[in-house]
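Below is a structure I'd like to ask you about.
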Amino acid sequence: MTVTTPTVNAATIRFDEVSRHFGDVVAVSELSFEIGTGVTALLGPNGAGKSTVLRLMCGLIAPTSGQVCVGDRNPRTDVSVARTCGLVPQQDGVFERMDAARFVGLAARLHQVPEPDAAARRALDIVELDPDDPRGLDTYSKGMRQRVKLAQALVHDPEVLVLDEPLTGLDPRQRVSMIALFHRLGAEGRCVVVSSHVLDEVERIGSRILVVAQGRLAAEGDFRDIRALMDDRPHRIRVAVDDPRRLGAALLTHAAVSAVHLDASGLLVETSEVAVLRSTIAPLARDLGVRLHEVSALDDDLESVFRYLVGPR
């Protein structure tokens, strides 16, 4: 089953100096960013403000200050935005006594989709659920309920998909399938925003990320590019070698190396010039007669990026 391509270009989501307060609590503060077509991952720990950001995108709440736009429209005041957006909330938000086809069909009717029952069957097929399953949603597992919520978000063929922790409760195979679906939807020209607090999920969801911490935008872009901007801290390279002491002593004399640590796994090398060091290690090991087993960067993963961005300075 293929996903229908949108009939118009997906809208751009833009935040301009957006803040949202709940009483004395500042949920998000002075956020500015722009999201276009494709898949964008919204990363942050629980309580960072991710759900507030997504609710602002869909017009479910208004900003205390600043401006949110979907295309050139205000999602809070322009009801037409709802027709172009599909939302998967973090909360269950399903009518438990309904079966899946009836629930998704109801969403199709609310969006005034032609032939809503047929649209519901297509959406359930996309998320790999049986539209003829007569059971109530209260009998479904957490992962199945997540997929029902995704089906109702897709049923009206939206240009923008806003997904709040959509992979929670899915088994590993289902996660792989859903992430592949997100990529397919983004490749078709939709704007897909997926939030998560799980680092390895975000790394698979998309290379473009927005990192939110304590209600503020901590970083945006490709996570490797973000790591490359961290010039005030050295990069760490793991080197597995059969004679770590000999290679370590030689590396300490190299201008690109700031420190070398010896441990049970071999060498941990700190450098501010990764490219220079990578081009140096193999010839140096050969000249020393040392067998080199592995050279791997320890800072090219989201966990190290996240620790850096939200940790104490």
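List the residues, sorted by chain then number, that are 5 or more residues from residue 28 or on another chain and whose placed amide H is less than 5 Å from its amide H.
Long-range HN contacts for residue 28: 20.
Then there is this: Run the numbers on segment 207-269 and let me know its relative contact order in percent, using alpha-carbon pairs under 8 Å that are six or more apart.
25 percent
Same structure again: How large is ³J(HN,Hα) for each residue in segment 63-79, as worked out from phi by the Karplus curve 6.51 cos²θ - 1.76 cosθ + 1.60 (θ = phi - 60°), to whole Hz, x for Gly and Pro?
x, 5, 8, x, 9, 10, 10, 10, x, 10, 10, 8, x, 7, 10, 9, 5
Quick one: plug the Kirkwood hydrodynamic radius of segment 1-130 (C-alpha pairs) into Stokes-Einstein at 4 °C, 1.567 mPa s, and report D in µm²/s.
Approximately 78 µm²/s, per Stokes-Einstein.
Regarding segment 230-298, what is the average projected area of its C-alpha convex hull, in nm²?
Across all orientations, segment 230-298 yields a mean hull projection of 4.1 nm².
Next question, about the same structure. Under 8 Å for C-alpha pairs, at least 6 residues apart: give me the relative contact order for the chain, rounded to a whole percent.
Relative CO of the chain lands at 20 percent.
Hey, another quick one. Enumerate by residue number the chymotrypsin sites (Phe, Trp or Tyr not before Pro) in segment 84-180 meeting two conditions: DSSP loop (anything except H, G, I, E, B), and at most 10 other Cβ atoms within 10 Å of the site's Cβ.
none
Cα axis of helix 116-126 to longest principal axis of the chain: angle in degrees, 0 to 90, nearest 10?
20 degrees
Values quoted throughout were computed directly from the atomic coordinates according to the rules given, and no laboratory measurement underlies them. Predicted model, so just to flag it, every value in this text is computed and none were measured. Note that each Cβ is placed from the backbone with ideal geometry, even for glycine, and that neighbours are counted across all protein chains shown.
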